[in-house]
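The values are calculated or read from the model by the stated rules, or taken from the named source; none is laboratory data. Remember, predicted model here, so these are calculated numbers, not experimental data. Here the Cβ is made from the backbone with ideal geometry for all residues, glycine too, and neighbour counts use every protein chain on show. Surface accessibility is based on the protein's heavy atoms, side chains included, excluding ligands, DNA and RNA. Shrake-Rupley method; radii C 1.70, N 1.55, O 1.52, S 1.80 Å.
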Amino acid sequence: MKRVITYGTFDLLHYGHINLLRRAKQLGDYLIVALSTDDFNTNKKDKICYFTYEERKKLLESIRYVDLVIPEENWEQKRTDIPLYHIDTMVMGDDWEGKFDDLRDLCEVVYLPRTKEISTTKIKEDLHK
Ligand code: C2G
């Protein structure tokens, strides 16, 4: 049973996120999503979410590739999450390329190409036009 984890805010869920989650699941048998809490987004990631944590959690739990959603409350928890959840592989989009290589002593770290043409920022800008 290969266990995969990924981290993110996943606000205004879109097909770029789904592409990431689908490929992450293809790397194992069980996919955990550590979802950034509202507090973490506001105070540390400088992100204002449209949907609350609970709403974003419900959306992610309805995705066939996702087996478990846990809260991401800070940048540092990865080092405890990986042994705690017996993680074999951590997956992130390549906008994070290299940023989590220090975790390679704990698990495989894989960066996957982002879906270029879509982003929450673009959605908001296009809707604003
Ligand atoms: N993503 C993607 N393609 C997009 C947009 C996002 O592949 N067009 C990926 C990102 O690379 C990330 C995941 O989808 O791996 C979630 O995206 P965000 O919610 O923007 O994640 P981020 O805010 O970067 O949070 O501790 C890590 C952070 O919590 C990552």
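Values as computed for the structure displayed
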item	result
Given (1) open to solvent by 80 Å² or more (accessible area, probe 1.4 Å); (2) under 16 Å from Met92 (Cβ atoms), number of the condition Glu61 does not satisfy	(2)
Hits in the stretch 118-129 - residues which are away from the ligand (no atom under 12 Å from the Cβ) and loosely packed, with under 10 Cβ neighbours inside 10 Å	Asp126, Leu127, His128, Lys129
Any hit, the stretch 19-36, residues being buried (at least 19 other Cβ atoms within 10 Å of the Cβ), out of contact with any strand residue (DSSP E or B) (no Cβ under 9 Å at 6 or more places or on another chain), modelled with pLDDT of 95 or more and not small (Gly, Ala, Ser)	no
Residue check for Val69: in contact (Cβ under 8 Å) with a residue 60 or more places away in the chain, crowded, with 20+ Cβ neighbours inside 10 Å and under 12 Å from the mean Cα position of the chain (by Cα)	no
Subset tally (residues that are surrounded by 15 or more Cβ atoms within 10 Å (Cβ to Cβ) and either among the small types (Gly, Ala, Ser) or touching a Gly at 6+ places or on another chain (Cβ under 8 Å) (or both)) for the stretch 93-117	5
Strands (runs of 3 or more DSSP E) fully within the stretch 20-129 counting 3 or more residues that are in contact with a Ser or Thr (Cβ under 8 Å, 6 or more places away or on another chain)	30-36, 89-93, 108-112
Every pair of residues 6+ apart whose Cβ atoms lie under 9 Å, when the first sits in the stretch 1-25 and is farther than 18 Å from Glu108 by Cα while the second is near the ligand (Cβ under 6 Å from one of its atoms) and among the aromatic types (Phe, Trp, Tyr)	His17/Phe10
Among (1) touching a Gly at 6+ places or on another chain (Cβ under 7 Å); (2) assigned to a loop (DSSP other than H, G, I, E, B) - the single one Val4 does not satisfy	(2)
